[in-house]
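Trainee: Structure below; questions to follow.
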Amino acid sequence: MSLAAIQSRLTAACAAHGRAPASVQLIAVSKVQPLDRVVAVLEQGHRLFGENYVQEATGKWPDLRSRFCAVQVHMIGPLQTNKAKLAVDLFDAIHTVDRPSLAEKLAKLAQTRGTSPQLFIQVNTGAEPQKAGILPGDTDAFVTQCRSMDLPLHGLMCIPPEGEDPAPHFAMLAQMATRNGLSGLSMGMSSDFEAAIAHGATHIRVGSAIFGARDYG
Ligand SMILES: *Cc1c(COP(=O)(O)O)cnc(C)c1O
């Protein structure tokens, strides 16, 4: 796969579901990828990237931002509260607001700075014990809680359980977003982004299908 191949699949999936291609943002997930692969995608003109680790992103993106204009980087990995300040300095969006203590910290930072990255609440749609995220049954209340802190919310994010049909999870997330008046839907990865587009994804997070397999070694 390559960036161009993914872009054409994105366009085809949008056409199949009567959506404008511009209504879906392609986040190229560059975590753990060698720098030359990331630079190659930047040189092809792509400007929206996703990272999972604050430390890795800090070492990579300030320099790349100075070399390429209008780059946007989204945080899509778990965020420790003690790294929240670094994260709001570095990222244009955070997709992983998953607990009240983090929401409170981000609300305080938003207040002192007068601005905030775009925020998504991560929902643990499969209620998996090992996975981060607000449980589906708690999500409406958590949205209300965030709003009572004046925390600006953009949308919801999910990672469906591995090995399950993701479609019901995407449908559930879309319903919860609509019910709560949230327009952003961050869902869909390399293996299932077309299904996510069918269910209304506004942000798809695609890594290995663009860059190749990640080598954690
Ligand atoms: C790594 C990661 C992705 C990208 O996964 P691929 O299967 O490589 O597309 C998407 N979302 C999250 C939250 C991730 O951690």
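Trainee: For n ≥ 4 DSSP H runs only, could you compute -39500 (n - 2.57) per run for the chain, divide by its residues and tell me the 222 nm figure to the nearest 500? Walk me through the intermediate numbers first.
Mentor: Details: 9 runs with 94 residues, N = 217.
The helix-only estimate for the chain comes to -13000 deg cm²/dmol at 222 nm.
Trainee: Roughly what would the spin-label model give for D150 and A213, points 7 Å off Cα along C-beta, in nm?
Mentor: Those two pseudo-labels are separated by 5.0 nm.
Trainee: I'd like the FRET efficiency for T112 and T58, computed as 1/(1 + (r/R0)^6) with the beta carbon distance as r and R0 of 25 Å, rounded to 0.05. Each step should come with its number before you reach the end.
Mentor: Details: r = 21 Å, r/R0 = 0.83.
E between T112 and T58, to the nearest 0.05, is 0.75.
Trainee: Separate question: Which length gain, in nm to one decimal place, applies between Q7 and S23 when the Cα-Cα distance is subtracted from 0.36 nm times their residue separation? Provide the component values of the computation, followed by the final result.
Mentor: On the way: separation 16, 0.36 × 16 = 5.76 nm, distance 1.29 nm.
Value of the extension gain: 4.5 nm.
Trainee: Cα convex hull of the chain: mean projected area in nm², to one decimal? Let's see the in-between values first.
Mentor: Values: hull surface 47.6 nm².
About 11.9 nm², averaged over all directions.
Trainee: A follow-up question, please. To the nearest 20 debye, what charge dipole does the stretch 3-210 have about its Cα centre, counting +1 at the Cβ of each Lys and Arg and -1 at the Cβ of each Asp and Glu? Before the final figure, lay out each step's value.
Mentor: Details: 18 positive and 18 negative charges, 113 e Å.
In total the dipole reaches around 540 debye.
Trainee: Now a separate question. Within the set K60/K108; K60/K85; K60/K83, which residue pairs have Cα atoms separated by over 23 Å? Mind dumping the intermediate values first?
Mentor: Numbers: K60/K108 27 Å; K60/K85 17 Å; K60/K83 16 Å.
Distance filter (> 23 Å) returns K60/K108.
Bear in mind these aren't lab numbers, they're just calculated from the coordinates by the rules spelled out. Predicted, not measured: the structure shown is a model, and the values here were computed from it. Here the Cβ is made from the backbone with ideal geometry for all residues, glycine too, and neighbour counts use every protein chain on show.
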